[in-house]
Amino acid sequence: MEVLKVALATLLLVYLIRRKTNLGLAMGATGLALAVLFQMSPGAAGRSALDAVLDFKNISLIIALILISTLEKVMDLKQLVGSLTNLVGDNRLVAAMLPAFMGLLPSPGGAAFSAPMVGEASTDMGISPERKSFINYWYRHPWEYVFPLYPGFILAMQMTSMPPTDIIKAQYPLTIMAILAAIPFAFYGVKNSLVRGENNGSRTRYLLDLVLGIWPVFAIIVMVLVLKLEIALSLAVALLALMAVKRYSPKRAVDVFRAAFNVNTVILVLGAMFFKEILMDSGAVKELSYALTSAGIPLILLFIAIPFLAGILTGLAIGFVGVSFPILLGLLDGGVMSPHLLALAYASGFAGQMLSPTHLCLVLTLHHFKADFGRTYRMVLIPQGAVLGLAAVLYFVSR
């Protein structure tokens, strides 16, 4: 019964998205449907809504996304992408490198930050909004299997008491597969359209332009990863510094901020977070997981199915790890998980996360490029299946 309820809610969400309903409103409506299906009281659903609206992390995310839109308008993206393209020599590689670089910043806002850069890098490629969305969405995420600053990685390490080096050794092939498996879908039939400018061969000039263009991004990464500052605060500091360097007047700064503000950004975040709160508060995720464990399903399939469903429902690495790993550890004698079994569970949950219509990176990327959900989604399926298949092969080989 729990599986049917969640399936009905998922079908509603897909239907609303296909009807071009605002994504935030679609997720909010689906959250309400889940509340009804799981018989939440109006008071409980209201508290979930308040949690979504008043949660400091959600407010911080909204502020961060607005600041990212403002920074996008202040930065010279054309100069940044142009200098990098001339240094690398292939704008296809640049289009993949930019979201990969931003992927080192473990924040949902990174997808929104890299999207305009990918758009600029792919201007002359003649590719569809869906391919641009796939490039930005996919190449932001390969590091999550091995980068120990991602919340999902940290939580998996804490829950299993496994050294980070063991997890990295088990999962680095997944990162390599993720990078390679996406190439045909991102760049098949796309020729390098690089046209060098008059300063052809002046690598020093291009390097200087790149540094001048990208220093705010490096500053943000240092503040977040080294100084441990909040992403919104880091963005604000970098934005104010860049405006000072460019000698923005207060009036011009306010005008740029107003132009960057988009109410749809607020609706997107609140709708997605309300949906997540309802999933957790209604007990949908737990009930679904326990229904699977009591159905007599083989253990190895549970290590695939439970994280995958948790990833689909939460759209977050920390979500699928936090929901599924306690259940999986309870199924093992002594609660000890081997590195390759962890990698299989993590890859399964990550596949669910990447295929989740509530994944903020996907939502924000589609919103930026005005891309079709279905056509972009289909491009994700096969490369994600290749990564999960490799994780399964490595697990069985390691036994």
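Results, tabulated for the structure shown:
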| item | result |
| --- | --- |
| Tally, over segment 17-33, of residues that are farther than 14 Å from residue 268 by Cα and part of a helix (DSSP H, G or I) | 3 |
| Selection count, segment 175-210, where residues are of a type in the set (Val, Ile, Thr), assigned to a loop (DSSP other than H, G, I, E, B) and either more than 20 Å from residue 138 (Cβ to Cβ) or at pLDDT 95 or above (or both) | 1 |
| Residue check, residue 214 within 21 Å of the chain's Cα centre (by Cα) and either of a type outside the set (Val, Ile, Thr) or part of a helix (DSSP H, G or I) (or both) | no |
| Qualifying residues in segment 370-383 (those that are in contact (Cβ under 8 Å) with a residue 40 or more places away in the chain and either farther than 20 Å from residue 27 by Cα or buried (at least 24 other Cβ atoms within 10 Å of the Cβ) (or both)) - the one nearest to the chain's Cα centre (by Cα) | 380 |
| Residue identified as under 15 Å from the mean Cα position of the chain (by Cα) and surrounded by fewer than 24 Cβ atoms within 10 Å (Cβ to Cβ) among 339, 357 | 357 |
| Residue within segment 142-151 that is within 15 Å of the chain's Cα centre (by Cα) and buried (at least 24 other Cβ atoms within 10 Å of the Cβ) present | yes |
| Any helices (runs of 4 or more DSSP H) falling wholly within segment 226-311 and containing at least 2 residues that are over 26 Å from residue 350 (Cα atoms) and not β-branched (Val, Ile, Thr) | 231-245, 250-260 |
| Residue 398 modelled with pLDDT under 95, among the small types (Gly, Ala, Ser) and surrounded by fewer than 21 Cβ atoms within 10 Å (Cβ to Cβ) | yes |
| Conditions (1) of a type in the set (Phe, Trp, Tyr); (2) within 21 Å of residue 4 (Cα to Cα); (3) surrounded by fewer than 20 Cβ atoms within 10 Å (Cβ to Cβ): number failed by residue 308 | (3) |
| Unmet requirement for residue 249, which otherwise passes all of (1) within 30 Å of residue 147 (Cα to Cα); (2) loosely packed, with under 13 Cβ neighbours inside 10 Å; (3) of a type in the set (Gly, Ala, Ser) | (1) |
| Any chance residue 271 is touching a residue at least 24 places away in the same chain (Cβ under 8 Å) and in contact with a Phe, Trp or Tyr (Cβ under 7 Å, 6 or more places away or on another chain) | no |
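The values are calculated or read from the model by the stated rules, or taken from the named source; none is laboratory data. Note that the structure is predicted; figures quoted are calculated from it, not measured. So basically every Cβ, Gly included, is an ideal-geometry build from the backbone, and we count neighbours across all protein chains shown.
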